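Engineer: Can you read through this structure? Questions will come right after.
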Amino acid sequence: MEKISFVLNGTATTVDVDPATPLLWVLRDHLHLTGTKYGCGMAVCGCCTVHLNGDAVRSCVTPVARARGQKVTTIEGLSPDLSHAVQRAWLAEQVPQCGYCQSGQMMSAACLLAANPRPTDGDIDDAMSGNLCRCGTYPRIRRAVHRAAEIASGGAGR
Amino acid sequence: MITRLLGGMLLLALARAAPGAASQTAGDADTRSREAFLKAYPVFMHPRCQNCHPAGDTPLQGEDSHVHDLLRLRRGPDGNGVYAMRCSNCHQAANGPGPHTPPGAPDPEADESRPAAPRWHLPGPATPMVFQGRTPGQLCRQLKDPKQNGGLAPDRFVHHVSTDPLVLWAWNPGEGRTSPPLSHAEFAAAVKEWLDGGGACPP
């Protein structure tokens with residue numbers, strides 16, 4: 001066991017865990033932030049996506065040691081009041097069906113928009129192809145990403 | 001007088017023989033250099049090496065070097081992927097446990113400000129360093145050309161294949177993956193012999 005400190009959703013946080021523990025389990029089991037989901041456990045599905053210094057890492061395969069001294073953002077920290085453009089767009093487009101994959105989808109979308117405020121369909125495919133949705137909400141996800149881009153740019157978002 | 005005459009004849013004979021001998025020596029060195037490259041060539045073309053030196057802009061994976069499963073992966077402007085699909089979003093500083101988990105290698109420049117940072121990427125688009133599909137002669141000429149090898153002079157190239165964690169990873173590839181046909185020491189020695197011998201290339 002080892003004390004590992006990082007900034008989680010803007011708050012300094014310390015956990016006492018095995019450094020090899022996947023970040024996902026630290027978030028869910030130790031810190032009780034259950035918005036980030038377990039899907040495949042091998043970085044294939046994207047359910048567990050969180051931001052590490054703004055990069056959309058797969059927390060199920062990321063050892064918590066990699067987060068030492070870094071900034072981690074989960075779906076709970078995207079905004080304190082659902083005001084992030086991605087959250088507003090996801091609500092407006094009613095994207096989720098079962099919802100299980102959607103926190104990972106939104107974290108990847110937020111990462112895309114941070115780097116590319118006006119993504120094309122091709123950019124969205126490039127960014128989101130690693131986030132699987134067994135309900136098949138992909139058309140709504142694509143619409144929501146475009147809508148989030150409009151919201152973030154100050155537009156009404158259709 | 002006879003001694004001087006014999007001495008002169010001997011010198012003349014040596015003078016005539018020398019160019020041929022030098023040529024033969026150079027030819028032998030070229031042959032040894034070329035053979036050293038041909039010894040190393042199967043390592044460059046092995047899936048552990050070739051999969052991240054693809055002909056296209058998408059990494060390969062597996063023993064059959066198929067396009068990286070299902071995902072729409074891109075080389076990106078720096079060789080690290082794009083947006084939420086950057087290589088180190090999944091690949092860590094060490095291999096994942098068990099089969100079919102992402103392999104990983106450490107970033108040698110990691111420090112306390114970036115602990116457990118991974119090093120996993122394709123070559124950048126300006127110097128894609130394609131191995132896939134290259135004949136021995138094509139790959140040989142490409143690898144020793146600093147304009148195509150990332151600006152590596154021969155000594156830096158030898159250093160790269162001897163110490164880079166991504167190269168070394170090929171001999172510690174994780175469960176379910178094979179390693180190249182030579183040991184890493186044999187491979188590094190062959191590359192050194194190839195370049196020390198002048199970097200001779202097959203046709």
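Please treat every number below as a calculation from the coordinates, not as lab data. Bear in mind that the values here come from a model prediction, so they are computed numbers and not experimental data. Please note: Cβ atoms are built from the backbone with ideal geometry, for glycine as well, and neighbour counts cover all protein chains shown.
Engineer: Hey, fewest Cβ within 10 Å first, where do A:Lys71, B:Lys192 land in order?
Structural biologist: If I rank by nearby Cβ atoms, fewest first, I get A:Lys71, B:Lys192.
Engineer: Relative contact order of segment A:33-72, please, whole-number percent, based on alpha carbon pairs below 8 angstrom and at least 6 residues apart.
Structural biologist: Here the relative contact order equals 34 percent.
Engineer: Ok, one more. Rank these for me by crowding, A:Leu23, A:Leu33, going from fewest to most other beta carbons within 10 Å.
Structural biologist: In order of increasing Cβ crowding within 10 Å: A:Leu33, A:Leu23.
Engineer: Now, a different point. Semi-axes of the equivalent ellipsoid for segment B:108-147, please: Cα gyration tensor eigenvalues, times 5, square-rooted, ordered largest first, whole Å.
Structural biologist: Semi-axes (√(5λ), whole Å): 31, 10, 9.
Engineer: What residues qualify as long-range amide H neighbours of A:Thr62, i.e. H under 5 Å apart, gap of 5 or more or another chain, H built at 1.01 Å from N?
Structural biologist: A:Leu23, A:Leu24
Engineer: Same structure, new question: What size of dipole, in debye to the nearest 20, comes out for chain A about its Cα centre when the only charges are +1 on Lys and Arg C-beta atoms and -1 on Asp and Glu C-beta atoms?
Structural biologist: Value, rounded to 20: 240 debye.
Engineer: Would you please give the residues with an amide H less than 5 Å from that of A:Glu2, counting only those at least 5 places away or on a separate chain, with H modeled from the backbone geometry?
Structural biologist: A:Val17, A:Asp18
Engineer: Return the lysines within reach of B:Lys144: Cα separation strictly under 21 angstrom, same-chain partners fewer than 8 residues apart disregarded; answer none if there are no such residues.
Structural biologist: Filter leaves B:Lys39, B:Lys192.
Engineer: Also: Which helices, counted as full DSSP H runs in chain B, have an axial Cα extent of no less than 15 Å and a Kyte-Doolittle average of 1.6 or above?
Structural biologist: Going by DSSP H runs, there are no hits.
Engineer: So what are the ³J(HN,Hα) numbers for segment A:98-107, from phi and the Karplus equation (6.51, -1.76, 1.60; θ = phi - 60°), rounded to whole Hz, Gly and Pro as x?
Structural biologist: Running phi through 6.51 cos²θ - 1.76 cosθ + 1.60 with θ = phi - 60° gives 6, x, 4, 8, 6, 5, x, 4, 5, 5 Hz.
Engineer: I'd like the Karplus ³J(HN,Hα) series for segment B:166-181: coefficients 6.51, -1.76, 1.60, θ = phi - 60°, whole numbers in Hz, and an x wherever there's a Gly or Pro.
Structural biologist: Karplus-based 3J(HN,Hα) across segment B:166-181 equals 5, 5, 4, 4, 4, 9, 9, x, x, 4, x, 10, 8, 9, x, x Hz.
Engineer: Further, regarding this structure: What list do you get for B:Glu35, B:Glu112 if you sort them by fewest beta carbons within 10 Å?
Structural biologist: B:Glu112, B:Glu35
Engineer: For helix A:138-152, report the angle its Cα long axis makes with the longest principal axis of the Cα atoms of chain A; keep it between 0 and 90° and round to the nearest 10°.
Structural biologist: Here the helix axis deviates by roughly 90 degrees.
Engineer: To continue, here is another question. For B:Thr58 and B:Ser179, what is the calculated FRET efficiency with R₀ set at 22 Å and r taken between the beta-carbons, to the nearest 0.05?
Structural biologist: Rounded to the nearest 0.05, the efficiency is 0.40.
Engineer: Quickly estimate the mean residue ellipticity at 222 nm for chain B, helices only: each DSSP H run with n ≥ 4 gives -39500 (n - 2.57), and the total goes over all residues, rounded to 500.
Structural biologist: Only helices count here, giving -13000 deg cm²/dmol.
Engineer: Rounding to the nearest 20 debye, state how big the charge dipole of the protein assembly as shown is about its Cα centre with +1 on each Lys and Arg Cβ and -1 on each Asp and Glu Cβ.
Structural biologist: 620
Engineer: Something else: Averaged over peptide A:57-67, how many Cβ atoms belonging to another chain are found within 10 Å of each residue's Cβ?
Structural biologist: Mean partner shielding for this stretch: 5.
Engineer: In percent, how large is the relative contact order of chain B, given Cα pairs closer than 8 Å and 6 or more residues apart?
Structural biologist: Result for chain B is 28 percent.
Engineer: Along the three principal axes, how long is segment A:56-150 when you take its alpha carbons, biggest first, rounded to the nearest angstrom?
Structural biologist: 37, 27, 25
Engineer: Restricting to DSSP H runs of at least four residues, report the calculated mean residue ellipticity at 222 nm for chain A, -39500 (n - 2.57) per run over all residues, nearest 500 deg cm²/dmol.
Structural biologist: Here the helix-only value at 222 nm equals -8500 deg cm²/dmol.
Engineer: What percent does the relative contact order of segment A:1-121 come to when contacts are Cα pairs within less than 8 Å and at least six residues apart?
Structural biologist: It rounds to 27 percent for segment A:1-121.
Engineer: Hey, how many Å between the Cα centroid of segment A:23-58 and the Cα centroid of segment B:31-49?
Structural biologist: Centre-to-centre (Cα) distance: 41 Å.
Engineer: Which is farthest toward the positive dipole end of segment B:52-118 among B:Ala55, B:Gly104, B:Leu70, measuring Cα position about the Cα centre, with Cβ charges +1 (Lys, Arg) and -1 (Asp, Glu)?
Structural biologist: Farthest towards the positive end: B:Leu70.
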